[in-house]
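Reading through the structure tokens given below for one structure.
The values are calculated or read from the model by the stated rules, or taken from the named source; none is laboratory data. Note that this is a predicted model, so its numbers are computed, not measured. Cβ: placed from backbone, ideal geometry, glycine included. Neighbour counts: every protein chain shown.
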Amino acid sequence: MSNAYRMVPGPRGEPTGPKKPEEIRLPTEEELKRGLLDTIAEPKNTLPFSEFAVVKFMQGIKAKLSEILERKAGLLAELEEITDYETLLQSLDSYFTKMTEAINNLVSEIEKNEQIPQMLGVEAVEELIEDIKNLLYLDPKKDGDLINRLQSLPEIYLKNHIGRCQLALILEGGNNLEKFRERVQTAIKRNNYEELTGLVREISALKIMQVYPSSSSPILSEREAYKLKAKYDKLRRIANYQAILISEGGNNLEKFRERVQTAIKRDERDNYEELTGLIQEISALEIMQVHPFSSSPLPQEIEAYELKAEYDKLRRIANYQAILISEGGNNLEKFRERVQTAIESNNYEELKGLVEKILALKIMLFYPSSSSSFLPEREAYELKAEYDELKFIAYYQAVLILDGGKKLEQFRERVQAALGSNNYKELEGLIQEISALEIMQVYINPSSSLPPEEKAYKLKTEYQRMIEMIKEAQKELRKLRSST
């Protein structure tokens with residue numbers, strides 16, 4: 001329990017002022033039940049007004065706290081007398097509603113008083129509020145019989161979602177939550193991986209983690225279950241990230257750095273297997289399976305975010321180096337030769353096939369940065385640019401074969417014939433046919449330095465002129481028809 005406010009006696013027994021915050025003690029539940037409520041000295045008029053007001057305020061808090069405990073005892077006594085399981089679960093919700101209302105009112109009263117934190121200290125007030133909130137939960141030592149009855153509820157009753165939430169609140173709130181907090185903190189101080197992973201499993205197996213309460217539920221016990229689950233989930237995240245930092249940080253990270261650097265320095269084709277193996281190992285690490293936030297309030301999660309970024313960096317370096325080995329050098333030269341041969345033979349099918357093969361390369365599935373601080377990534381950027389150029393050359397040459405030459409001449413003849421015969425329907429059909437050509441579906445850079453792209457731009461311009469010519473002729477035909 002928290003420390004209650006009490007006066008420090010002077011040499012003659014008179015109160016001289018408040019004790020230090022860490023020495024303030026709130027009476028325990030046992031003391032309140034036994035009537036030991038007189039541990040705070042009566043204020044004297046000689047005290048400064050602010051201190052006098054705080055003492056009076058704390059006396060009022062103690063009185064209301066005593067009332068809450070009496071109400072709790074009465075409500076629990078009523079629950080003890082209920083023999084029907086369904087009625088017991090329904091009455092539990094009434095217990096949570098009445099107790100939460102009383103606790104929230106008292107907490108609100110404390111939070112509204114600005115003098116209390118100044119006199120007692122912020123930490124002491126926070127601890128006091130936390131202890132008051134914990135009065136909602138049952139104590140295994142005192143309420144063991146009721147807890148045992150709830151634990152032995154037949155499964156048919158626990159299929160009820162609210163019933164599960166209520167049971168989880170009773171069994172895993174209050175002292176149980178505090179014990180888990182202490183165990184997690186102790187494991188962190190010991191830097192004990194096994195203990196932390198064990199705690200993660202224990203927390204995950206709790207009843208509260210098996211329910212899915214809503215924060216906006218009209219049922220108060222469900223809303224409280226939502227808050228309790230959030231607290232356990234926070235503990236689980238802390239323990240999990242700390243365990244990952246122990247197992248995959250420090251020396252483990254350094255070893256991976258050394259292995260990646262060694263594999264890159266060798267720069268041998270045989271080393272491709274080693275690099276791809278490193279990528280798989282890094283990808284399989286536990287840190288790569290979680291999604292920590294850089295802006296998390298949990299120090300362990302922030303560190304885990306930074307650790308993941310380090311491993312991701314290593315994976316990128318290894319990945320780009322592996323791509324350079326497998327798709328750079330001779331492989332790039334072979335693609336250049338194949339594209340050139342296909343252009344010389346004017347082979348449409350071969351060119352289209354080469355475009356598909358280039359697009360399927362691993363380098364084309366990544367987006368390396370030209371300004372990266374990693375040499376393999378900058379080199380991968382340059383390699384991708386080379387393949388991208390080959391792809392455009394092959395693609396535009398294929399389009400030129402498909403939509404240029406004889407096809408262009410045929411369209412010119414058809415357009416001229418349709419214009420000569422003033423065939424409005426034929427002209428409309430020609431617009432649709434030309435617009436559907438592959439050359440009309442691509443964006444072509446007019447300032448490109450690639451000869452096939454330059455030619456493709458001119459070809460597209462020719463087809464666009466045809467369409468404009470047809471549209472002008474259609475306008476004239478419409479005018480002629482309207483005048484007759």
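Quick look at the numbers
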quantity	calculated
Those residues of the stretch 219-246 which are in a helix (DSSP H, G or I), hydrophobic (A, V, I, L, M, F, W, C) and touching a residue at least 12 places away in the same chain (Cβ under 8 Å), in sequence order	L220, A225, L228, L235, I238, A239, A243, I244, L245, I246
Options S216, S204: the member that is free of Cβ contacts under 8 Å to residues at least 40 places away in the same chain, closer than 25 Å to E86 by Cα, surrounded by fewer than 16 Cβ atoms within 10 Å (Cβ to Cβ) and within 29 Å of the chain's Cα centre (by Cα)	S216
Failed condition for S215, given (1) part of a helix (DSSP H, G or I); (2) touching a helix residue (DSSP H, G or I) at 6+ places or on another chain (Cβ under 7 Å)	(1)
Helices (runs of 4 or more DSSP H) completely within the stretch 71-159 that count 3 or more residues being closer than 19 Å to A225 by Cα and assigned by TED's automatic domain parsing to the domain that holds G174	144-151
Filter pass, T262 being in the same structural domain as R316 (by TED's automatic domain parsing) and surrounded by fewer than 20 Cβ atoms within 10 Å (Cβ to Cβ)	yes
Selection from the stretch 75-127 of residues that are surrounded by 15 or more Cβ atoms within 10 Å (Cβ to Cβ) and charged (D, E, K, R)	D93, K98, E127
Flag for E127 being acidic (D, E) and under 37 Å from the mean Cα position of the chain (by Cα)	yes
Among (1) modelled with pLDDT under 80; (2) closer than 30 Å to E301 by Cα - the single one G163 does not satisfy	(2)
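Matching residues to (1) hydroxyl-bearing (S, T, Y); (2) part of a helix (DSSP H, G or I); (3) in contact (Cβ under 8 Å) with a residue 12 or more places away in the chain:
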residue	(1), (2), (3)
E258	no, yes, no
A263	no, yes, yes
I287	no, yes, yes
S295	yes, no, no
A318	no, yes, yes
R338	no, yes, yes
